[in-house]
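The values are calculated or read from the model by the stated rules, or taken from the named source; none is laboratory data. Model, not experiment: these values are computed from the prediction. Positions of Cβ are generated from backbone atoms using ideal geometry, with glycine treated the same way; all protein chains shown enter the neighbour counts.
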Amino acid sequence: MEILSHSPQAAPGEDSTYWALVEENAILREEIQVARKAAELTANLVVKQFEETEKVLHRFQVANAQRKAVLDSATRISIIATNKDGVITVFNTGAEHLLGYSAQEIIGKQTPELFHLQSELENVRDRLSIKYGRAVTGLDVFFEYVAQKRLAPSEWTYVRKDGTQFPVRMTINVLREPYGDISGLLFIAMDIAEIKRSEKALKESERKYRLLVRNLPNCVYKGYIDGAIDFFDNKIEQITGYSK
């Protein structure tokens with residue numbers, strides 16, 4: 001027995017349309033597959049970038065925590081930073097202890113002028129104005145002071161919240177952005193009131209010592225085991241002929 005098969009013939013033009021649809025369908029499937037792979041790759045990249053960002057943020061948090069710990073551990077040293085407008089952005093525990101203000105009272109609200117002796121600032125402004133031939137006003141006094149490359153510590157007077165004054169040995173440095181522009185100033189100051197009291201007491205003690213020695217009938221000198229002499233009175237000069 002013979003089996004006959006029959007398939008309907010496509011109308012003119014339908015065959016080309018069919019194969020065009022088949023080809024279009026294959027292209028769409030390929031595009032969908034590519035799009036899915038791209039979406040998957042993008043998702044993976046986003047996740048990876050997010051993880052990297054989290055790691056960076058964590059490192060920043062650790063670094064900031066370490067920086068804060070260092071700043072706060074310096075309880076006898078005032079560390080104050082400002083932005084380029086002079087507004088305080090860092091006010092460590094040492095600054096709180098020495099000046100009597102809390103960080104909440106100062107950060108983002110005040111400038112270093114608040115606790116500097118005004119008459120002292122005016123004197124510095126006057127000197128700088130004469131030197132540069134123009135008026136130095138406001139916080140420019142600090143920027144101009146640094147511009148003179150005065151990097152060595154110098155003595156200034158701080159004024160506490162209660163109005164009392166005390167001497168500090170302070171350095172002022174410029175803070176810069178990564179690309180070099182000035183971003184603010186850094187003030188590091190140490191209370192030297194006790195040091196100055198000790199120096200004054202030492203000078204007074206030496207004065208009394210020399211006065212006592214001068215009135216003694218004997219010759220007096222002070223030396224060390226290695227033979228070095230750092231003091232002898234006028235009587236030794238008269239006896240030996242050697243001057244101080």
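Meeting the requirement of 1 or more residues that are more than 18 Å from the chain's Cα centre (by Cα) and modelled with pLDDT of 85 or more, the helices (runs of 4 or more DSSP H) wholly within segment 83-150 are 93-99, 103-106, 118-132. Just for segment 126-178: of the residues that are out of contact with any helix residue (DSSP H, G or I) (no Cβ under 7 Å at 6 or more places or on another chain) and of a type in the set (Gly, Ala, Ser), which one is surrounded by the most Cβ atoms within 10 Å (Cβ to Cβ)? So the residue we want is 129. Being charged (D, E, K, R) and either out of contact with any strand residue (DSSP E or B) (no Cβ under 7 Å at 6 or more places or on another chain) or under 26 Å from residue 198 (Cβ atoms) (or both) is a description that does not apply to residue 177.
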